[in-house]
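My structure is below; once you've seen it, I'll send some questions.
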Amino acid sequence: MLPSLLEAKKRTNNEVKNYKYTRCNDYNNIGINKKYYIKTYGCQMNVHDSENIKALLEEMSFSETDSMEDADLIILNTCAIRENAHNKVFGFLGRVKHLKETKPDIITGICGCMAQEENVVSEIKNKYKWVDIVFGTHNLSELPRILNDSIKNNKQEIEVLSIEGDIIEDIPVKRDSKYKAWVNIMYGCDKFCTYCIVPYTRGKQRSRNPKDIIREVEKLVQDGYKEVTLLGQNVNAYGKDLDLNYYMGDLLKDVAETGIARVRFVTSHPWDFTDDMINIIKEYDNVMPYIHLPLQSGSDRILKLMGRRYTKESYLELFNKLKTIPNVSITTDIIVGFPGETEEDFEETLDVVNKCKYDSAFTFIFSPRDGTPAAKMKDDVTLTTKNERLQRLNELVNKYASLNNQKYLNKIVDVLIEDRSNKDGCLMGYTDTMKLVNVKCDDSYLGKLVKVKITDIKTWSLDGELAE
Ligand code: SAH
Ligand code: SF4
Ligand code: F3S
C-alpha cells in the first residue's frame with residue numbers, strides 16, 4: 001500500500017473510528033536476544049510516537065540500545081516539515097546502508113511523516129530496496145505484524161495508509177521520562193496552511209474523548225509524574241470535531257484538577273484561542289504560563305497567502321490579551337522568504353517581533369513541500385535574500401530572548417529537575433515559563449519540583465542554586 005497525496009487531502013464528515021489496541025501474542029518472541037535502535041526526527045508528536053514504537057517492540061521481546069552499531073533493528077521515525085529534515089534522513093540512511101554491508105541481517109524500518117509522502121516512498125521502493133519495512137503515521141500500532149511479514153516473506157514491506165485516520169486507544173507506551181509525559185489530545189490537522197505538509201501526513205483533526213485523556217493523566221499522577229504536555233497541532237481547537245460541547249478550556253480545567261503538578265500544552269494556533277482558556281490559565285496555578293503562539297509572518301498579505309486566518313492586528317490583539325496572564329512567557333515560529341515576500345512584508349514581521357519581544361522564536365526559511373499549494377506559487381525571492389532576512393530576524397529574536405532572560409537574575413523560580421546537565425555538578429530542568437536552568441545539586445533531586453535562585457544568565461539558559 002503506497003501513500004497518495006490526493007487521498008490524504010480528502011476530508012469527509014465520516015465518523016472517526018475509535019477503538020482499542022489489542023495485542024497479538026503471535027509476535028512475542030520475534031525479538032528475543034535482539035536489540036533495536038530508534039532515531040527520531042521532528043516534533044513532540046513524533047517523539048511520543050517513538051515512545052509507542054519502543055513499547056510495541058518490547059512487547060515483541062526486543063530490547064533498546066542507544067548504539068546503532070549494536071542494533072539488529074534500526075527504525076527511523078521521520079519528519080517531512082522542511083527539506084533539511086528530508087536530507088538528514090537520507091543522509092542517515094547512507095550510514096545505515098554502510099552498516100548493513102558489514103551486518104547484512106540488520107532489519108531497517110522507516111516510518112513517520114516522510115513515509116506518508118509519495119515521492120519519498122517511491123524513492124525508497126526504487127533506490128533503497130534494502131530497506132525492509134515502511135509504515136506510516138496511521139498504522140504505527142501494526143508494526144509487530146508488518147515486521148513479522150517482512151521477516152517471514154523476506155521482502156520489502158511497504159504499508160502506508162492515506163486515510164483521514166482513526167483514534168486508537170491504549171497503544172502501549174515506554175515513556176522516555178519518569179517525571180514528564182506527553183499526552184496526545186488530538187491528532188491531525190484541518191487548517192491546511194498553504195505551506196504545510198502536516199494535514200497530508202497526519203490526517204484530519206480528531207480529538208480524543210475527554211474521558212480517555214483524563215484517565216491517562218490520572219494514571220500518570222498515580223505513577224508519580226509531575227508534568228504533562230497536552231499535544232496537538234492545534235490544541236486550541238480541541239473538541240470542535242466532537243459533539244460534546246466540551247472544548248480546550250474545559251479540558252485544561254479537568255486536567256488541572258487531576259492534581260498533576262504541571263500542565264503544559266502545544267501548539268496553539270492563534271485562530272482558536274478562547275477567553276475561557278485564558279481564564280483557566282490564570283485561575284489554575286498548575287497550568288503553566290507558557291504559550292507557544294506561532295506568528296509565521298507579520299504581513300497581512302503573506303498571512304493571507306499562507307491561509308493563516310488572522311491578521312497582524314488580530315494577532316497582536318490576542319497577544320496583548322495573553323500578556324495579562326501574570327508572568328507569562330510567549331514564544332513563536334516564523335517563516336521568512338515565503339513566495340513573493342517583499343522587503344516591506346518582511347519589515348512587518350520585524351515590527352511584530354519588536355512589539356511582542358518574544359521569549360524565544362523558532363525561525364525558518366520557507367521550504368516548498370510537494371503537493372502543497374505554496375510549492376506552486378511563484379517565488380522570486382533569492383536564497384541570498386532569504387538568508388539575509390533570516391539573519392536579521394535572528395539577531396532581533398536573540399536580542400529579546402536575552403533581554404527576557406535578564407529579568408530572571410536573582411529571582412526565585414520553580415524548577416522541575418528532570419535530568420543530568422552537561423554542566424559539571426549540575427542537574428537541569430525547566431521553569432514554569434519554560435526556561436532551561438542548570439541547578440547546582442546532587443542526583444537526589446531528580447524528579448523534584450524545587451525553588452531555585454537564579455545566579456547567572458546565559459544566552460540560552462539560566463544558572464541557579466537551590467533556594468531552600
Ligand atoms: N501546528 C503548528 C505548526 C507545526 S509545524 C502551527 O500551526 O502553529 C512547526 C513549524 O514549522 C510551523 O509553525 C512553521 O513555522 C514551520 N513550517 C511548517 N511548514 C514549513 C515549510 N514548508 N517551510 C518552512 N517552515 C515550515
Ligand atoms: Fe501546518 Fe497550519 Fe496545521 Fe499548523 S495549523 S500543522 S502550520 S497546516
Ligand atoms: Fe514533522 Fe510530522 Fe511533526 S512533519 S513536525 S514530524 S507532524
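Taking C-beta distances below 4.7 angstrom as the pairing criterion, name the unpartnered cysteines of the chain, in sequence order.
Cys24, Cys43, Cys79, Cys111, Cys113, Cys189, Cys356, Cys426, Cys441
Let me ask something additional. Treat every Asp and Glu Cβ in the range 5-159 as -1 and every Lys and Arg Cβ as +1, leave all other atoms uncharged, and give the resulting dipole magnitude about the Cα centre to the nearest 20 debye.
Computed charge dipole of the range 5-159: roughly 320 debye.
OK, next. Per residue, how much accessible area does the range 5-159 have with a 1.4 Å probe, in Å²?
Per residue, the range 5-159 has an accessible area of 48 Å².
Let me ask another. Distances longer than 24 Å among the Cα atoms of the range 182-406: what percent of all pairs is that?
More than 24 Å apart: 47 percent of the Cα pairs in the range 182-406.
In whole percent, what relative contact order does the chain give with Cα contacts below 8 Å and a gap of six or more residues?
It rounds to 11 percent for the chain.
While we're looking at this one, here's another question. Which whole-number percent gives the relative contact order of the range 175-324, counting Cα pairs below 8 Å spaced six or more residues apart?
Over the range 175-324, the number comes to 22 percent.
Between beta-carbons, use under 14 Å as the cut-off and find the net charge around Thr78, counting Lys and Arg +1, Asp and Glu -1.
Around Thr78, the surrounding residues sum to +1.
Under a Cβ-only charge scheme (Lys and Arg +1, Asp and Glu -1), can you give me the dipole magnitude of the chain about the Cα centre, in debye to the nearest 20?
Dipole about the Cα centre, nearest 20: 380 debye.
Assign one of three labels to the range 234-277, namely rounded, prolate or oblate, based on the Cα gyration tensor with a ≥ b ≥ c the square roots of its eigenvalues; rounded applies when a/c is under 1.5, prolate when it is not and a/b is larger than b/c, and oblate otherwise.
oblate
Counting only C-alpha contacts under 8 Å and six or more residues apart, can you give the relative contact order of the range 5-159 as a whole percent?
21 percent
A further question follows. Run the paramagnetic zone check for Glu465: 7 angstrom along Cα to Cβ, then residues of the range 412-426 with backbone nitrogen under 17 Å.
Within reach of a label on Glu465: 412-413, 424-426.
Given the alpha-carbon gyration tensor of the range 282-426, what are the semi-axes of its equivalent ellipsoid in whole angstrom, ordered largest first, with each equal to the square root of 5 times an eigenvalue?
With the √(5λ) rule applied to the range 282-426, the semi-axes are 32, 19, 15 Å.
Take the Cα coordinates of the range 1-120, assign each an equal point scatterer, and use the Debye formula without solvent to give log10 I(q)/I(0) at q = 0.09, 0.19 Å⁻¹.
-0.31, -1.17
From the residues Thr384, Val287, Met186, which one has its Cα farthest along the dipole of the range 182-406 in the positive direction, the dipole being from +1 and -1 charges on Cβ of Lys/Arg and Asp/Glu about the Cα centre?
Final value for the positive-end residue is Met186.
Right, something else. Would you mind computing, in nm to one decimal, how far apart the modelled labels at Arg309 and Glu343 are, each placed 7 Å from Cα along Cα→Cβ?
If labels sit at Arg309 and Glu343, their model points lie 3.5 nm apart.
For the chain, which whole percent of the accessible surface, found with a 1.4 angstrom probe, sits on carbon and sulfur atoms?
48 percent
Based on the alpha-carbon gyration tensor of the chain, what equivalent-ellipsoid semi-axes (square roots of 5 times the eigenvalues) come out, in whole Å, largest first?
Equivalent ellipsoid semi-axes, largest first: 35, 29, 23 Å.
Compute, for the range 412-466, the length of the dipole vector about the Cα centre, with Cβ point charges of +1 (Lys, Arg) and -1 (Asp, Glu) only. Units Debye, rounded to 20.
100 debye
What value in Å³ per residue do you get for the convex hull of the alpha-carbon atoms in the range 130-173?
Cα-based convex hull of the range 130-173, divided per residue, equals 78 Å³.
I'd like to check one number: the per residue accessible area of the range 391-456, probe 1.4 Å, reported in Å² as a whole number.
53 Å²
List the pair-distance distribution P(r) of the range 69-136, using every Cα-Cα distance, as the percent of pairs falling in each 10 Å bin from 0 up to the bin containing the longest distance, rounded to whole percents.
In whole percents, the pair-distance histogram is 21, 59, 20, 1.
Across bins of 5 angstrom width beginning at 0, how are the C-alpha pair distances of the range 273-352 distributed, in whole percent?
Here the calculated profile for the range 273-352 is 3, 14, 25, 20, 14, 11, 7, 4, 1.
While we're on this one: Could I have the simple spin-label model distance between Glu257 and Asp243, label points 7 Å from Cα toward Cβ, reported in nm to one decimal?
2.5 nm
The values are calculated or read from the model by the stated rules, or taken from the named source; none is laboratory data. These numbers were taken from a predicted model, which means no experiment stands behind them. FYI the Cβ positions are ideal-geometry reconstructions off the backbone, even for glycines, and counts take in every protein chain you see. Surface accessibility is based on the protein's heavy atoms, side chains included, excluding ligands, DNA and RNA. Shrake-Rupley method; radii C 1.70, N 1.55, O 1.52, S 1.80 Å.
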